[in-house]
1. I need a count of the residues in segment 87-141 that are among the hydroxyl-bearing types (Ser, Thr, Tyr) and buried (at least 17 other Cβ atoms within 10 Å of the Cβ).
2. Can you pull out the strands (runs of 3 or more DSSP E) entirely within segment 30-141 that have at least 2 residues that are of a type in the set (D, E, K, R) and not assigned by TED's automatic domain parsing to the domain that holds Ala10?
3. When segment 8-17 is examined, which residues are found to be at pLDDT below 95 and either more than 23 Å from Arg90 (Cβ to Cβ) or in a loop (DSSP other than H, G, I, E, B) (or both)?
4. Enumerate the pairs (first residue in segment 71-95 and under 19 Å from Ile133 (Cβ atoms); second residue anywhere and surrounded by 11 or more Cβ atoms within 10 Å (Cβ to Cβ) and polar (S, T, N, Q)) with beta-carbon separation below 7 Å, excluding pairs fewer than 6 apart on the same chain, so at least 6 apart or on different chains.
Amino acid sequence: MDDLDERLLARLRENARAPVAELARALGLSRTTVQSRIARLERTGVIAGYAVRTSEAHERGQIHAFVLLTVEPKAAGIVAAEMKKMPGVRRLQSVSGAFDLIATVAAPDVAAMDALIDQIGALEGVERTNSSIVLSTKFDR
């Protein structure tokens with residue numbers, strides 16, 4: 001990967017549906033070069049896929065939280081599989097330190113957030129949870 005690949009990835013992070021011609025103009029490259037670079041980045045696994053980003057207006061209507069979990073030894077895989085089925089769980093990461101996993105979750109209101117956190121805490125293999133509601137986002141890349 002070179003500087004042009006990094007710049008191309010930055011543009012695609014902003015708008016993965018940007019037309020190749022627009023990307024080429026912004027990067028000062030030909031359409032063919034941009035198409036070739038995107039194809040190579042996809043083929044080599046640098047670009048693993050494309051996803052939907054919801055609007056800020058939609059996200060402002062949601063309550064977000066971080067749920068830190070301590071799980072029983074060797075239960076992380078089972079817990080992760082169950083949490084993947086929960087639509088409110090946006091991201092789950094394995095971490096070092098006092099907790100084993102950190103989940104980023106979202107719900108439409110406080111009652112739904114409370115129910116989601118209870119559902120996570122009730123999973124077999126979860127020993128303890130610690131939740132923090134997000135008050136504001138200073139920036140998001």
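1. Narrowing segment 87-141 to residues among the hydroxyl-bearing types (Ser, Thr, Tyr): 94, 96, 104, 129, 131-132, 136-137.
In the following step, the residues that additionally are buried (at least 17 other Cβ atoms within 10 Å of the Cβ) were identified as 129, 131.
Result for segment 87-141: 2.
2. Working: elements: 63-71, 89-94, 101-107, 126-133.
The qualifying strands (runs of 3 or more DSSP E) are 89-94, 126-133.
3. Of everything in segment 8-17, those that are at pLDDT below 95 and either more than 23 Å from Arg90 (Cβ to Cβ) or in a loop (DSSP other than H, G, I, E, B) (or both) turn out to be Arg11, Asn15, Ala16, Arg17.
4. Met86/Gln119; Arg90/Thr104; Arg91/Thr104
The values are calculated or read from the model by the stated rules, or taken from the named source; none is laboratory data. Computed from a predicted model, the values in this text were never measured in an experiment. Backbone-built Cβ (ideal geometry, glycine too); neighbour counts: all protein chains shown.
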